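Below: the structure, in structure tokens.
The values are calculated or read from the model by the stated rules, or taken from the named source; none is laboratory data. Nothing here was measured: the structure is a model prediction, and the numbers come from that model. Methodologically, a virtual Cβ is constructed for each residue, glycine included, from the backbone with ideal geometry; neighbour enumeration extends over all protein chains shown. For accessibility, only protein heavy atoms count, side chains too; no ligands or nucleic acids. Shrake-Rupley method; radii C 1.70, N 1.55, O 1.52, S 1.80 Å.
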Amino acid sequence: MSHSTERKNPKLIVVVAFDRGEDGELFPAFGPADQQSEDRAIRTARALAAKHVGVIAWSRDADPTLGDYGTPTTLFVSGDVPDME
């Protein structure tokens with residue numbers, strides 16, 4: 001049996017809420033705000049959804065020291081949000 005001492009990459013968990021400017025373009029009205037857990041991100045996003053035209057919560061594995069980022073996973077989305085690139 002082998003024992004792995006390899007650590008799992010930390011997760012980057014973010015919530016962003018959007019509103020529309022006078023020109024009709026979306027702009028971040030809240031965040032991006034780092035969250036402690038995916039559950040907290042979803043709760044925060046749901047609370048913001050009633051106050052903004054769009055909100056998204058997402059997470060991805062991340063190692064900022066190496067610049068290594070995994071594929072984003074959407075946890076919650078409501079309303080109008082820009083495409084994730």
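With the structure loaded, tell me whether Arg46 is part of a loop (DSSP other than H, G, I, E, B) and either open to solvent by 40 Å² or more (accessible area, probe 1.4 Å) or at pLDDT 95 or above (or both) or whether it fails that test.
Numbers: part of a loop (DSSP other than H, G, I, E, B): no; either open to solvent by 40 Å² or more (accessible area, probe 1.4 Å) or at pLDDT 95 or above (or both): yes.
In short, no.
Looking at Ala62, Ala57, which one is in a strand (DSSP E or B) and under 9 Å from the mean Cα position of the chain (by Cα)? Don't jump to the end; show me each part of the working.
Details: Ala62 fails: under 9 Å from the mean Cα position of the chain (by Cα).
Selected residue: Ala57, the only one of Ala62, Ala57 that is in a strand (DSSP E or B) and under 9 Å from the mean Cα position of the chain (by Cα).
Within region 10-41, how many residues turn out to be outside any loop (DSSP other than H, G, I, E, B) and either within 21 Å of Tyr69 (Cβ to Cβ) or free of Cβ contacts under 8 Å to residues at least 12 places away in the same chain (or both)?
Selection size over region 10-41: 16.
Can you tell me which residue is nearest to Gly21 (Cα to Cα) among those in region 49-85 that are charged (D, E, K, R) and open to solvent by 40 Å² or more (accessible area, probe 1.4 Å)?
Within region 49-85, the match that is nearest to Gly21 (Cα to Cα) is Asp80.
Between a residue in region 63-85 that is free of Cβ contacts under 8 Å to residues at least 40 places away in the same chain and any residue that is loosely packed, with under 13 Cβ neighbours inside 10 Å and assigned to a loop (DSSP other than H, G, I, E, B), which pairs come within a Cβ distance under 7 Å, given they are 6 or more apart or on different chains?
What qualifies is Pro72/Met84.
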